[in-house]
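Structure record follows, encoded as structure tokens.
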């Protein structure tokens, strides 16, 4: 597995702090002061098998779950 970026580590940490599951909108709010492009980062994390959500790109109501 490739090295994780700051943004990927930040998202993983926020998921861990919230019992490994967050609604996309809540995660977006937690990340908004740190960086932009949460959907793209989540897509990369899903491709790496680190998070799971329904569909190719998470919608506002999607549940993001940490799987690794």
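The values are calculated or read from the model by the stated rules, or taken from the named source; none is laboratory data. All of these numbers come straight from a predicted model, not from anything done at the bench. Heads up, the Cβs are rebuilt from the backbone with ideal geometry, glycines too, and the neighbour counts pull from every protein chain shown.
Take the residues in region 57-66 that are surrounded by fewer than 18 Cβ atoms within 10 Å (Cβ to Cβ) and at pLDDT 95 or above; name whichever of them is farthest from the chain's Cα centre (by Cα).
If we filter region 57-66 for residues that are surrounded by fewer than 18 Cβ atoms within 10 Å (Cβ to Cβ), which is where we start, we get 57, 59-61, 63, 65.
Checking the rest, the ones that are also at pLDDT 95 or above come to 63, 65.
Working: 63: 10, 65: 8 Å.
Applying the filter and picking the extreme gives 63.
Out of region 57-68, which residues are more than 10 Å from residue 21 (Cα to Cα), in contact with a strand residue (DSSP E or B) (Cβ under 9 Å, 6 or more places away or on another chain) and either in contact (Cβ under 8 Å) with a residue 24 or more places away in the chain or in a strand (DSSP E or B) (or both)? Spell out how you get there, then give the answer.
Taking region 57-68 first, the residues more than 10 Å from residue 21 (Cα to Cα) are 57-62, 68.
Next, only the ones that are in contact with a strand residue (DSSP E or B) (Cβ under 9 Å, 6 or more places away or on another chain) stay: 58, 60-62, 68.
Listed by number, the residues that qualify are 58, 60, 61, 62.
Per-residue answers, yes or no, for (1) in contact with a helix residue (DSSP H, G or I) (Cβ under 8 Å, 6 or more places away or on another chain); (2) at pLDDT below 95; (3) at positive phi; (4) outside any helix (DSSP H, G or I):
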{"site": "2", "(1), (2), (3), (4)": "no, yes, no, yes"}
{"site": "9", "(1), (2), (3), (4)": "no, no, no, no"}
{"site": "12", "(1), (2), (3), (4)": "yes, no, no, no"}
{"site": "15", "(1), (2), (3), (4)": "yes, no, no, no"}
{"site": "36", "(1), (2), (3), (4)": "no, yes, no, yes"}
{"site": "42", "(1), (2), (3), (4)": "yes, no, no, no"}
{"site": "46", "(1), (2), (3), (4)": "no, no, no, no"}
{"site": "55", "(1), (2), (3), (4)": "no, yes, yes, yes"}
